[in-house]
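Undergrad: Quick one: structure below, then a few questions.
No value in this document is a laboratory result; all are computed from the given coordinates. Keep in mind the model is a prediction, meaning the values are calculated, not measured. Note that each Cβ is placed from the backbone with ideal geometry, even for glycine, and that neighbours are counted across all protein chains shown.
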Amino acid sequence: MRPDDTYYVTTPIYYVNDKPHLGHAYTTIAADVVARWHRLRGQRVHFLTGVDEHGQKVLEAATRRGISPQQHVDEMVEPYKALWERLGIEYDDFIRTTEPRHERVVQAVLQRLKDQGDLYLDAYEGWYSTAAERFWTEKDLVDGKCPDTGQPVEWVQEENWFFRMSKYADQLRDWIADHPDFIRPESRRNEVLGYLRKEVGDLCVTRPVSRMSWGVPLPWDDRFVTYVWFDALLNYISALGYTPDGEPAADFRDFWPADHHLIGKDILTTHAVYWSTMLFALGERPARQLYAHGWWTVEGRKMSKSLGNVVDPHLLIDEYGADVFRYFVLREIPFGYDGDFSHQALMERFNADLANDLGNLLHRSVSMSARWLGGEVGALDAPTEADVALQELADRAVATYAAELEALQFHKAFEALWELVRAGNKYIDTEQPWALNRQGDEERLAGVLRRCLEIVRVAATLLQPVMPQKSHELARQLGIVLDDDEHLSLEGVARLDGLEAGTPLAPARPVFPRMQELPPRIRALLAETLGTQADPPSRSEPDAGGGAAESASSPTPNPETPVAEEQTPLISIDDFAKVQLRTGRILEARKHPDADRLLVFKVDVGEEQPRTIVAGIASRYEPELLVGQQVVVVTNLKPARLRGIESQGMILAAGGKQVRGLVGVSEPLPPGTIVR
Ligand code: MSP
């Protein structure tokens, strides 16, 4: 009997006829996330991936390269391993079907099936598709071509060995009826049931060496090698040390049946029908669940070689980082559905979920704690009604997150967690820590900020399997330093009291800095591949410190490079005297309702009425943190409307397009004091 505290997940083994692409990365990321999750839960996990090295496709790829198939597969396995390393994939085993440990099992299984009368030799003729590597009947063909690939077929007559799949068809029908969760999603289960409504034939499990020699030789008949699918499917148990006879290997006993075979929708029949009946013939149970995910299109089009470049996993890691890539593919489309990968969608998702919601919550709570609580985790105060509601929401979010993740409903898991994160931001808005600070209510201020930090801890903990690096960066901000192999514990994670009061927080640093535009390399590639013009880089919003002037059209110096003196036209003292600078104090600050980059201020500059000033500094500053701050204002700038709000001056700031600091005065001075 399989122990309860183990978990076994597999990916398909990928053909090594080409380098890995987005589709391969997708399944492997999903498997890694559930594997990491179950490890975090304290289970003993076995996560298997690998490569499919036999068969026609691989042989053809080797032939095209003019090298032996063995040399080809030895080389082509490397890009897979290298990509998994960069993507942070922590598999427990990586199987190659040319390994002796695998070939041995394939041969033993064939021998066993032959001995028990489940294999027979028969002459066969039919339409063979080289591209799909399978035979079709006349009525399967579409316009005389292979229904799967659209490629030409040829009439082939040959002897082959057959597996009595038909004998196990009823057992499979019963199994599916008795195990409603065996095939997910439901639509895919119906697809298989539809297939099984028709008569199930036997399965041809060999290829004559004369036609295709790159496969596992039949142990008793050297005219044949094993059909690549029969060979490949066995990887799921050969890797566990399965033998058809004798004592079961320890790993097989502990991990079979697998909890999840993750596959793409195109390889469902092979898994649901071929694989299950093979297992029945061996007297074994099928996996607990086959989960068929959908296919990605790219920028609205079917993935092809050239489009593949636009979503090359290495490019995505280079430009966005592995963690953001991992999060995006699982967040963007429900697992099981088809979906489109668009860079714009990635940027929007990143900005909304990570930069705005989570990033802001972290930044606001850490920087307010730094400002008003000496940079330490505050102590909890007696809970109010709002605090109790927040705790209940946290309990629900954690429970839903766990359940949905385990059901592979990644997007729903994230939705549940983000409900909590957004509630954290709302809690700040309603509790108004800045007002508490003004009123000197230190106890409540500490309690409010503490609960916000706790929500960040909950998010960091739950996101560890998805964003292993970023979640540790979040933890570091909370003053928790973890080694690579250390983790935030799931135990009691939902309770909003897991941090320790008095722990020093790290200085606030953005973990998810907002993306203003797509990276230049991506923009260039999109333009080149899709022939589309990338978005114009800047809108007519001001640069750093942005005041009223029409500054967006002037070239922005790189903030890291001080402008060389000789390039700057000199001005006379009279020119300079035209600029009126005064000290000001920020009375109110809020986000611009129609522009993410802009903040709207009321600034006291020593006049009867405070001035309204709009500034492009939202990427750096939380509005409420600036209330009370002394600034320097250009007071004689012509007013200008910025996204519908009239700005009556400019707040001086350092930096280029990205603001890096506000210009201040060393002493507190009355508003309106002249600056020279
Ligand atoms: N070798 C077989 C699997 C044997 S498993 C015992 C195979 N290999 S494959 O390399 O061609 O494909 C592997 C996986 O990639 C499949 O699950 C397939 O669904 C997936 N994808 C290929 N293109 C894809 C997309 N465009 N989008 C998502 N996944 C896609 O089949």
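Undergrad: Compute the length gained on full extension between Tyr195 and Gln609: take 0.36 nm times their separation in residues and subtract their Cα-Cα distance, giving the result in nm to one decimal. If you can, show how the numbers build up before the last one.
TA: Working: separation 414, 0.36 × 414 = 149.04 nm, distance 7.70 nm.
Length gained between Tyr195 and Gln609: 141.3 nm.
Undergrad: Could you tell me which of rounded, prolate or oblate describes segment 573-675, using a ≥ b ≥ c as the square roots of the eigenvalues of the alpha-carbon gyration tensor, with rounded for a/c under 1.5 and, failing that, prolate when a/b is larger than b/c and oblate otherwise? List each step's numbers first, then the result.
TA: On the way: a/c = 1.41, a/b = 1.32, b/c = 1.07.
Note, shape of segment 573-675 comes out rounded.
Undergrad: Right, next: Just subtract the alpha-carbon distance of Arg86 and Asp318 from 0.36 nm times their residue separation and send over the number in nm, one decimal.
TA: Values: separation 232, 0.36 × 232 = 83.52 nm, distance 0.98 nm.
Here the segment from Arg86 to Asp318 would lengthen by 82.5 nm.
Undergrad: Within a 10 angstrom radius of the beta carbon, how do His592, His261 rank from fewest other beta carbons to most? Don't skip to the answer; put the middle values down first.
TA: Values: His592 20, His261 26.
Ascending Cβ contact count within 10 Å gives the list His592, His261.
Undergrad: Neighbouring Cβ atoms within 10 Å as the yardstick, rank Trp37, Trp372 fewest first.
TA: In increasing order of surrounding Cβ atoms, one gets Trp372, Trp37.
Undergrad: Most exposed first by the Cβ proxy, i.e. fewest other Cβ within 10 Å, how do Leu496, Leu669 rank? The partial results should precede the final answer.
TA: Details: Leu496 23, Leu669 15.
Fewest to most other Cβ atoms nearby, the residues stand as Leu669, Leu496.
Undergrad: Within segment 1-157, what percent of beta bridges assigned by DSSP are antiparallel, to the nearest 5?
TA: Percentage antiparallel, nearest 5: 45.
Undergrad: Of all the Cα-Cα pairs you can form in segment 6-293, what percent are over 37 Å apart?
TA: Value for segment 6-293: 9 percent of Cα pairs lie more than 37 Å apart.
Undergrad: Applying 1/(1 + (r/R0)^6) with R0 = 22 Å to the Cβ-Cβ distance of Arg349 and Ala506, what FRET efficiency is obtained, to the nearest 0.05?
TA: Numbers: r = 26 Å, r/R0 = 1.19.
It comes out at approximately 0.25.
Undergrad: Relative to 2.2 N^0.38 Å, what does the C-alpha radius of gyration of segment 343-494 come to as a ratio? Two decimals please.
TA: Segment 343-494 yields a ratio of 1.04.
Undergrad: Just tell me which aspartates and glutamates come within less than 13 Å, Cα to Cα, of Lys638; anything on the same chain fewer than 8 places away is out.
TA: Glu550, Glu646
Undergrad: Now, a different point. Can you give me the convex hull volume of the Cα atoms of the chain, divided per residue and expressed in Å³?
TA: Enclosed volume per residue, from the Cα hull, is 193 Å³.
Undergrad: Given contacts defined as C-alpha pairs under 8 Å and at least six residues apart, what's the relative contact order of segment 343-494, whole-number percent?
TA: After rounding, I find 28 percent.
Undergrad: If you don't mind, another one. Rounded to the nearest 500 deg cm²/dmol, what is the calculated helix-only ellipticity per residue at 222 nm for the chain, with -39500 (n - 2.57) per DSSP H run of length n ≥ 4?
TA: Helix contribution divided over all residues of the chain: -11500 deg cm²/dmol.
Undergrad: A further question on this structure: Testing the spin-label approximation: label points 7 Å from Cα along Cα→Cβ at Gln629 and Glu159. State their distance in nm.
TA: The answer from the label model is 8.5 nm.
Undergrad: Here's another thing I want to ask about it. Please report, in debye to the nearest 20, how large the charge dipole of the chain is about its Cα centre when each Lys and Arg carries +1 at its beta carbon and each Asp and Glu carries -1 there.
TA: Using Cβ point charges on Lys, Arg, Asp and Glu, the chain gives about 1280 debye.
Undergrad: Cut-off under 16 Å on the C-alpha distance; same-chain residues fewer than 8 positions from Lys302 excluded. Which lysines are left, in chain and number order?
TA: Lys265
Undergrad: How long is segment 1-78 along each principal axis, judged by its Cα atoms, biggest number first, in Å?
TA: Result for segment 1-78: principal-axis Cα extents of 49, 29, 17 Å.
Undergrad: Rounded, prolate or oblate: which one fits segment 53-120, using the alpha carbon gyration tensor with axes a ≥ b ≥ c (rounded when a/c is under 1.5, else prolate when a/b beats b/c, else oblate)?
TA: oblate
Undergrad: Straight-line reach from Lys591: which lysines fall under 20 Å, measuring Cα to Cα and dropping same-chain residues less than 8 apart?
TA: The qualifying lysines are Lys426, Lys602, Lys657.
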